Amino acid sequence: MPNETTNYQCPACTGPLRFDSATGKLVCDYCGSTYEVKEVEALYADKQKASDTAARQRPQGPVWGEEEAAGLTSRTCSSCGAELVCDGTTAATTCPYCGNPTVLGGQLSGKLKPEYIIPFKLDRKAAVQNLNKYYKGKKFLPKAFKEQNHVEEIQGVYVPFWLYDATADARGAYEGEVTESHREGNYVVTNTQHYNVARAGEADFIKVPVDGSSKMPDAHMDAIEPFDYSAIQPFSTAYLPGFLADRYDEDEEKCLPRATRRMENTTRAALRETIDGYSEVHTKAENINIDIRKAHYALLPVWMLHTRWNDKDFLFAMNGQTGKLIGDLPVDPKRVAAWFAGISLPLMVILALFLYG
Amino acid sequence: MKNRMCKTNCYKKCCAFLAALLMLAVLVLPGMAAAPLVRDEMGLFDADTYNELEQSAEAASSGHDCDVYFLVVNDIGDANQRDFAKNYYVNNGLGSGEGKSGILFLLAVGSRKYVTITYGGGVTAFTDYRIEQMEDDIVPKLSDGDWAGAARTYIEMADYTLDYYAEHGEPIDVDNDLGAEGLLFVIGIPAAIAAGVCLVFYHQMKTAKEKTEADDYMPGLKLRVKRDVYTHTTQTRVYDPPKEEKSSGGGSSTDSDGFGGSSGGSF
């Protein structure tokens, strides 16, 4: 596996290029030049090859022990020469020494190369603004949290996702009841008509996403859905500069049960929605088969925001395309008690006065 | 000799006194035995059940100067159940003390009718509101044929009502009976509303949740089988008599002859 880090450099001034999510182009902050992604890719192909060759020929430095090296990857920044040590699943990162956006071409090539990518549309500033907006209106949020905590780390991450295309075949047998009640003297008489109900159908699922990174909390990745697939692009490393990119460490087989479970639930609900006109419906039998047609490997854009307060970590995730932000906030028990008492006690007094006053 | 005669006289006096006591007991006890509180005129209850109910009724009445009667007859013909119960109460000299205070529940098994009447102090202790509560609990048991269960419920509720009156100096009525339903209404509902609102606020704090569906990725379900076949009809009948409108003023209403209670009904 190559361990050479490759920069996209400005063809005009050799300054680092970064992907601008607003324009969808590569931008040089030094001379102001802008380039189409495909244009730079073509220019850069030869340079990438040369960089890989140089890396293979470089003499070995101090080596990691076998145990230490097991989960680590060493990379070299071609701009300042710093050696970057990352965990084995990180594919692109920003050099912590010179700040250059760097790309490790080899990490995402061959077997691991993603099929698709959705470029970032929102920038770091939007992520911070959304987080501050997210705090507003949260009744149980400790007052000190907003004042004392600050964003310690914010990273734009291309998260590896598996996107499953599938066809669901569903069959169900149910008992439907139509109930009518009327009074006969002192008795309430209820007549219930019983029906045998049968339904069968099929549904196509298009690109159901499941994140393939064990480092990313599943709940966070699920909650920022959906992504707008109309902006999906064939994968290119040109979208990576300026962002961290993970490679998957959970393959399509491992992630499949989560996708299947979700598709089964949606199919089941859709099948039941076709049964109407009954006061009650009882399920006798249901059979739902999910046929996976294809699993696409894609990188989707996520801003990860990390804050710390009262020695506890709080992680927020924002969809880098739609801006949807989620994350668990601390709950102030005193505020919960105050709200509970503030609502219930006046109501109790009013009801007591109304009934017994 | 004189002492011996004296001893003989004393012995005779003692015998005469014991004989007088015995005669008094023979005269008085049958009278007491003839005034049971549970009056099973049709032999509905077996001996054990009857004894148990009678003891409960005596315990309920004890110390309150108000007798708790449970009357069982078979058929009252065309008679109005309330008139029947009042006549029975008067003709049998029922009631405790000079005021003839008491409460009587009439169960006419063959006629499937019931009524509750009160008299004297019973009118004060048992308000219309309380009698309605009691009948609401008793009548479903009558509908199920649970005669003993109905009698137990009646005696237990009468017992509680008399104790409440003795302790508080006022009867259970619409304006002072919190009861389980009242407590639920006054405390439970506001607490449930507050808990619901707090739950909504809490969910706003915890937004990272795994998805269990994939609705966003399914354009629609193409149905190829849709079949609804009628099979049969079932019928259930539940006893639930229409509720009479409650008088909001509370208290006890009485007839011109001084009897209170309910107008009764069928079960």
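Observations on the model:
- Boolean, A:Thr167 is under 27 Å from A:Tyr297 (Cα atoms) and assigned by TED's automatic domain parsing to the domain that holds A:Tyr229: yes
- Check on A:Ala219, outside the structural domain of A:Glu41 (by TED's automatic domain parsing), more than 30 Å from A:Tyr278 (Cα to Cα), aliphatic (A, V, I, L, M) and loosely packed, with under 15 Cβ neighbours inside 10 Å: no
- Inter-residue pairs, beta-carbon under 7 Å, first on the phi > 0 side of the Ramachandran plot and in region B:250-263, second modelled with pLDDT under 85 and surrounded by 13 or more Cβ atoms within 10 Å (Cβ to Cβ), 6+ apart: B:Gly250/B:Val174; B:Gly250/B:Asp175
- Scanning region B:165-214 for residues that are assigned to a loop (DSSP other than H, G, I, E, B) and surrounded by fewer than 17 Cβ atoms within 10 Å (Cβ to Cβ) returns B:Gly169, B:Glu170, B:Asp173, B:Asp175, B:Asn176, B:Leu178, B:Lys206, B:Lys209, B:Glu210, B:Thr212.
- Residue that is modelled with the lowest pLDDT, among those in region B:186-238 that are of a type in the set (Gly, Ala, Ser) and farther than 30 Å from A:Ile224 by Cβ: B:Gly188
- Whichever residue in region A:229-281 is small (Gly, Ala, Ser) and closer than 30 Å to A:Glu39 by Cβ and, among such residues, is surrounded by the most Cβ atoms within 10 Å (Cβ to Cβ): A:Ala245
- Only a single criterion out of (1) over 23 Å from the mean Cα position of the chain (by Cα); (2) surrounded by 15 or more Cβ atoms within 10 Å (Cβ to Cβ); (3) not hydrophobic (A, V, I, L, M, F, W, C) is not satisfied by A:Lys284, namely (2).
- Whichever residue in region B:130-153 is in contact with a Ser or Thr (Cβ under 8 Å, 6 or more places away or on another chain) and in contact (Cβ under 8 Å) with a residue 24 or more places away in the chain and, among such residues, is surrounded by the most Cβ atoms within 10 Å (Cβ to Cβ): B:Arg130
The values are calculated or read from the model by the stated rules, or taken from the named source; none is laboratory data. Note that the coordinates shown come from a computational prediction; the quantities given were computed from them, not determined experimentally. Cβ atoms come from the backbone with ideal geometry, glycine included; neighbour counts cover every protein chain shown.
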